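Enquirer: This is the structure I have questions about; it appears just below.
The values are calculated or read from the model by the stated rules, or taken from the named source; none is laboratory data. As the structure is a prediction and not an experimental result, all values here were calculated from the model. No Cβ is skipped: glycine too gets one built from the backbone with ideal geometry, and neighbour counts run over all protein chains shown.
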Amino acid sequence: MPLLAFETSCDETSAAVIHQNTVLSNVVSSQVKLHAEYGGVVPELAAREHLRNLVPVARAALQKAGVTADRLAAICATQGPGLPSALMVGFKAAEAMAFALRCDFIGIHHHEAHLYSPWIHGDPPAADFNEFQPNVSLVVSGGHTMLVHVLPGMKPRLLGSTLDDAAGECFDKIGKLMGLPYPAGPIIDRLAEQGNPRAFEFPRPLINDLTHDFSFSGLKTSVRYFLRDHPETMEREEQLRDLCASVQAAIVDVLVTKTCNAARSVSAQCVTASGGVACNRSLRMRLEQNCKAEGIQLRLAAPFFCTDNAAMIGILGEMKLRTSGKATSLEADVLPNWPLVDLSQ
Ligand code: KG4
Ligand code: ZN
């Protein structure tokens, strides 16, 4: 019997219907335009927008899947981490729905769900867990940048994460310094395409560090000083492209080098990547080149499943109900700061 999943941890309202590892529907309503005006996500506005959108999005997901609510076997929702008020909208609605329908309910860790999104492929999209391999997973978005060791049937092990800004936040904040609209990541990706990545030299923080942690705030500061000293860069299209390509090269270099180092350190034969920044074309290409050179299998989440979506929440929810059968209490609350290390299975 199918399962309905909700995701409202940040600025995407999403609902999906999952049945036997297959995504029957995955509806995403993005609030990106709403927050663009403010240069970043405004939590209170995000929560209000989720409230407005949740029911139409859920209805559309059920309709698209051809499933009526009375046929649902379970409901699941992102429990954390994320923006407290945003999480609360989806999570509490999901609890109420599970109560009314008398079906199972399960709260999902948002980052754990990202770890499985690279396994969703095809048409209709389905998670091919038969092909699952132990892997090192790079989860990289506006809110998180982390490397996780994922082993079948075990707790995911956090290898490292950012000590300050997330990589997507770095793209966005540097874009803001350059006068680009929010979110700047995809725009920098596009402008960088025709730029010279070696035109300007920027630091690659912690690239040779022995830990698997990241740090991006120093890179942002160094671009700030660069722009203060070379304001003319912004006025010439060609130089702006070179600047975008050089900034992107610094971020991508760090992400790729540290991901491959982490895979080597735990002898993983497979690397996966997900999160909004995993849409970046240069990152995807460099991961492909480096993994190929090291004989490591690479699984990149499809761009549509890189960004926040309820399908990955439902795929993990169904897997958890199948393997552990453990449901979440209908009195459970959201966990905005839920650390990955706290996961118990
Ligand atoms: O996963 P996501 O939709 O939301 C969260 O942050 O959780 O990721 C959004 C982030 C933004 O920082 C955006 O600038 C970045 O992903 N992003 C990109 C690209 N597409 C999205 N960054 C670089 N290149 C891209 N093509
Ligand atoms: Zn996310």
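Enquirer: Here's a check for you: in the stretch 262-296, which residue that is under 15 Å from V140 (Cβ atoms) and of a type in the set (V, I, T) is farthest from the chain's Cα centre (by Cα)?
Expert: Going through the qualifying residues, I end up with V271.
Enquirer: Follow-up question, since we're still on this one. Consider A15 against the criteria (1) closer than 24 Å to P303 by Cβ; (2) more than 16 Å from ligand 1 (Cβ to nearest atom); (3) out of contact with any Phe, Trp or Tyr (no Cβ under 6 Å at 6 or more places or on another chain): it satisfies all of them except one. Which criterion is unmet?
Expert: A15 satisfies every listed condition except (3).
Enquirer: Is there a residue being farther than 25 Å from G275 by Cβ, assigned by TED's automatic domain parsing to the domain that holds L330 and exposed (fewer than 15 other Cβ atoms within 10 Å of the Cβ) anywhere in the stretch 42-53?
Expert: yes
Enquirer: Taking only pairs six or more apart or across chains, which ones have beta-carbon atoms under 8 Å, a first residue in the stretch 216-229 that is within 12 Å of K173 (Cα to Cα), and a second residue that is small (G, A, S)?
Expert: Once the first residue is within 12 Å of K173 (Cα to Cα) and sits in the stretch 216-229, its partners that are small (G, A, S) give F216/A166; F216/A167; L219/A250.
Enquirer: Please report, ordered by residue number, the strands (runs of 3 or more DSSP E) entirely within the stretch 59-153 with at least 2 residues that are under 26 Å from A46 (Cβ atoms), at pLDDT 95 or above and in the same structural domain as A167 (by TED's automatic domain parsing).
Expert: Strands (runs of 3 or more DSSP E) meeting the threshold: 135-140, 145-150.
Enquirer: Here's something else I'd like to know. Taking only the stretch 321-337 into account, find how many residues are of a type outside the set (A, V, I, L, M, F, W, C) and buried (at least 20 other Cβ atoms within 10 Å of the Cβ).
Expert: Total satisfying the criteria: 1.
Enquirer: Please tell me if L45 is in a helix (DSSP H, G or I) and either free of Cβ contacts under 8 Å to residues at least 60 places away in the same chain or hydrophobic (A, V, I, L, M, F, W, C) (or both). Talk me through it step by step, then tell me what you get.
Expert: Values: in a helix (DSSP H, G or I): yes; either free of Cβ contacts under 8 Å to residues at least 60 places away in the same chain or hydrophobic (A, V, I, L, M, F, W, C) (or both): yes.
The answer is yes for L45.
Enquirer: Using beta carbons and a limit of 8 Å, which pairs, at least six apart or on different chains, have the first residue in the stretch 272-286 and more than 7 Å from ligand 1 (Cβ to nearest atom) and the second one in a helix (DSSP H, G or I) and polar (S, T, N, Q)?
Expert: Correct list of pairs: A273/T259; S274/S117; S282/Q248.
Enquirer: Does A301 satisfy the criteria of being over 23 Å from L54 (Cα atoms) and out of contact with any strand residue (DSSP E or B) (no Cβ under 8 Å at 6 or more places or on another chain)?
Expert: On the way: over 23 Å from L54 (Cα atoms): yes; out of contact with any strand residue (DSSP E or B) (no Cβ under 8 Å at 6 or more places or on another chain): no.
Criteria not met by A301.
Enquirer: So, in the stretch 91-138, how many residues would count as being under 19 Å from the mean Cα position of the chain (by Cα) and either closer than 16 Å to A310 by Cα or charged (D, E, K, R) (or both)?
Expert: Number of matching residues: 19.
Enquirer: Turning to a different aspect of this structure: Residues of the stretch 151-169 being more than 16 Å from ligand 2 (Cβ to nearest atom) and either touching a helix residue (DSSP H, G or I) at 6+ places or on another chain (Cβ under 9 Å) or on the phi > 0 side of the Ramachandran plot (or both), which ones? Explain how you work it out, then say what you get.
Expert: Just the residues of the stretch 151-169 that are more than 16 Å from ligand 2 (Cβ to nearest atom), to begin with: 151-155, 157, 159-160, 163-164.
The answer is P152, G153, K155, R157, L159, G160, L163, D164.
Enquirer: When the stretch 288-316 is examined, which residues are found to be surrounded by 24 or more Cβ atoms within 10 Å (Cβ to Cβ) and under 18 Å from A263 (Cα atoms)?
Expert: Result: A301, single match.
Enquirer: Right, here's the next one. I'd like the full set of residues that are crowded, with 24+ Cβ neighbours inside 10 Å and away from ligand 2 (no atom under 16 Å from the Cβ), limited to the stretch 120-146.
Expert: A127, N135, V136
Enquirer: Tell me, please, whether a residue that is within 14 Å of ligand 1 (Cβ to nearest atom) and at pLDDT below 95 can be found in the stretch 157-164.
Expert: Looking through the stretch 157-164, none of the residues is within 14 Å of ligand 1 (Cβ to nearest atom) and at pLDDT below 95.
Enquirer: Within the bounds of the stretch 249-266, is there any residue that is closer than 24 Å to L151 by Cβ, away from ligand 1 (no atom under 16 Å from the Cβ) and surrounded by 24 or more Cβ atoms within 10 Å (Cβ to Cβ)?
Expert: Among the residues of the stretch 249-266, at least one is closer than 24 Å to L151 by Cβ, away from ligand 1 (no atom under 16 Å from the Cβ) and surrounded by 24 or more Cβ atoms within 10 Å (Cβ to Cβ), which makes the answer yes.
Enquirer: Right, next: In the stretch 54-66, what residues are surrounded by 14 or more Cβ atoms within 10 Å (Cβ to Cβ) and farther than 18 Å from A127 by Cβ? Let's see the steps before the verdict.
Expert: Of all residues in the stretch 54-66, those surrounded by 14 or more Cβ atoms within 10 Å (Cβ to Cβ) come to 54, 57-58, 60-62, 64-65.
The answer is L54, V57, A58, A60, L62, K64.
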